[in-house]
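The values are calculated or read from the model by the stated rules, or taken from the named source; none is laboratory data. None of these values were measured; they are calculated from a predicted model. So basically every Cβ, Gly included, is an ideal-geometry build from the backbone, and we count neighbours across all protein chains shown.
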2 protein chains.
Amino acid sequence: MSFHGDSEVLLTPAEVASLFRVDPKTVTRWAKAGKLSSIRTLGGHRRYKESEVRALLGAASEAAEAEAAANAAAADPGKDDRQR
Amino acid sequence: MSFHGDSEVLLTPAEVASLFRVDPKTVTRWAKAGKLSSIRTLGGHRRYKESEVRALLGAASEAAEAEAAANAAAADPGKDDRQR
DNA sequence: AGTCATTGGGGTAATTGGGGGA
DNA sequence: TTTGTCCCAATTACCCCAATGA
């Protein structure tokens, strides 16, 4: 069967929790605090975008990250963004 | 090739399930509960409107773009969290 | 006429949400 | 301040097997 696959990959709270090595409740608090975008199922359970989680996981260089981001955001078009 | 109109695209339970990252049975429960409109085949299987599914997916994705807070919120006392 | 993946139905564990307290 | 754990209620996931769809 064919899949018109153009959907974002979603993660369950348990998966995000094990990725960060925290309790699922903690992930829920991040979503409540607005630190994580959450998509809710029709029953109220949350699902998280895998792309966003991975971006947060890869944000290891925090200190100078903000300034570097601002720097690269407005210059050098053409050699970044390699995903999807 | 069968002509697919451009207004009524129907999705199978498996497709809706992978969109929401849930089990196909869960999608069936949503249809039973009236949370999703379902079109039944002559044999009793359900089909769902892609437009409706997409609307529900985006409905709850009110992205809280407070991501910067997570990055530099640790050094800005005075104006955060005012709940509890 | 067949195969084979998917779906429906029912029932039972596991996960999740929300509030509260350590 | 952030996280982990307690409670309970609701939602979801996995098990079976028979019927449908392609």
Please state which of the following conditions A:A60 fails to meet, knowing it meets all the rest: (1) surrounded by fewer than 10 Cβ atoms within 10 Å (Cβ to Cβ); (2) at pLDDT 85 or above. (2)
Just to check your reading of the model, which residue among B:D80, B:D6 is modelled with pLDDT under 90, charged (D, E, K, R), more than 24 Å from A:T28 (Cβ to Cβ) and not in a helix (DSSP H, G or I)? B:D6
Output the number of residues of segment B:28-53 satisfying the condition of being more than 7 Å from DNA strand C (Cβ to nearest atom), of a type in the set (D, E, K, R), without any contact (Cβ under 8 Å) to a residue 40 or more places away in the chain and within 13 Å of chain A (Cβ to nearest Cβ). 3
